[in-house]
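Chemist: Handing you a structure now.
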Amino acid sequence: MPDIKSVLSEEIRRLARKEIKAHSDSTKDASKSQKSEIAELKRAVRALEKQVARLAKNKPAATTAAASGDGDDDKQTRFSPVWLKKHREKLGISAADYAKLVGSSALSVYKWEKGESNPRRAQREALAAVRGLGIREVQQRLEALDSEG
């Protein structure tokens, strides 16, 4: 016949295992659900990152304009160094005179023509305004700017 001490000890171990199992099962369930939530969140983050990359690739002009705070999200003028040089030569004016027309320095115009730098948004808009001018209009504006300054 088993002694009372060993029976009691065995019963205590059995009850302890039962309690531990009950607590560990709830912890396992919570861990399992948290792991599935984390996996779902990771998938959502990946999908959002892909969407952001796709949008950034398709609309760089709109995000740049939005970041700079300008209101014209859909309108951005294009710039070409080759076009600038040909336009200046067609008008028959120096880079310094062209710089007066667009409100920048002659060095900036030289760098734009060489492709070493690009004009900022304000200068691009000024270039677009000068684009439509003829030789006589350019000469008149230069004379007006020389008489002012």
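The values are calculated or read from the model by the stated rules, or taken from the named source; none is laboratory data. The structure presented is a predicted model; accordingly, all values stated were derived computationally and were not measured. Glycine also receives a Cβ, built like all others from the backbone with ideal geometry; neighbour counts cover every protein chain displayed. These accessible areas exclude ligands, DNA and RNA; they are computed on the full protein's heavy atoms, side chains included. Shrake-Rupley method; radii C 1.70, N 1.55, O 1.52, S 1.80 Å.
Chemist: Out of the stretch 128-140, which residues are assigned to a helix (DSSP H, G or I) and under 21 Å from TRP83 (Cα atoms)? Spell out how you get there, then give the answer.
Modeler: Residues of the stretch 128-140 assigned to a helix (DSSP H, G or I): 128-131, 135-140.
ALA128, ALA129, VAL130, ARG131, ILE135, ARG136, GLU137, VAL138, GLN139 - these are the residues of the stretch 128-140 that are assigned to a helix (DSSP H, G or I) and under 21 Å from TRP83 (Cα atoms).
Chemist: Still on this structure, I have one more. Go over the candidates LEU41, LEU107 one by one and state the one that is surrounded by 12 or more Cβ atoms within 10 Å (Cβ to Cβ), in a helix (DSSP H, G or I) and modelled with pLDDT of 90 or more. Let's see the steps before the verdict.
Modeler: Details: LEU41 fails: surrounded by 12 or more Cβ atoms within 10 Å (Cβ to Cβ).
When all the criteria are applied, what remains is LEU107.
Chemist: Quickly run through the stretch 74-92 and pick out the residues that are in contact with a Lys or Arg (Cβ under 9 Å, 6 or more places away or on another chain), closer than 21 Å to ARG136 by Cα and of a type outside the set (Lys, Arg).
Modeler: The answer is TRP83, HIS87.
Chemist: Out of all the residues in the stretch 59-71, is one or more assigned to a loop (DSSP other than H, G, I, E, B), modelled with pLDDT under 90 and surrounded by fewer than 13 Cβ atoms within 10 Å (Cβ to Cβ)?
Modeler: Going through the stretch 59-71, the residues assigned to a loop (DSSP other than H, G, I, E, B) turn out to be 59, 69-71.
Subset that is modelled with pLDDT under 90: 59, 69-71.
Cutting the leftovers down to surrounded by fewer than 13 Cβ atoms within 10 Å (Cβ to Cβ) gives us 69, 71.
Yes: the stretch 59-71 contains one or more residues that are assigned to a loop (DSSP other than H, G, I, E, B), modelled with pLDDT under 90 and surrounded by fewer than 13 Cβ atoms within 10 Å (Cβ to Cβ).
Chemist: Every residue in the stretch 76-103 that is within 31 Å of the chain's Cα centre (by Cα), open to solvent by 30 Å² or more (accessible area, probe 1.4 Å) and small (Gly, Ala, Ser), please.
Modeler: Within the stretch 76-103, SER80, GLY103 qualify.
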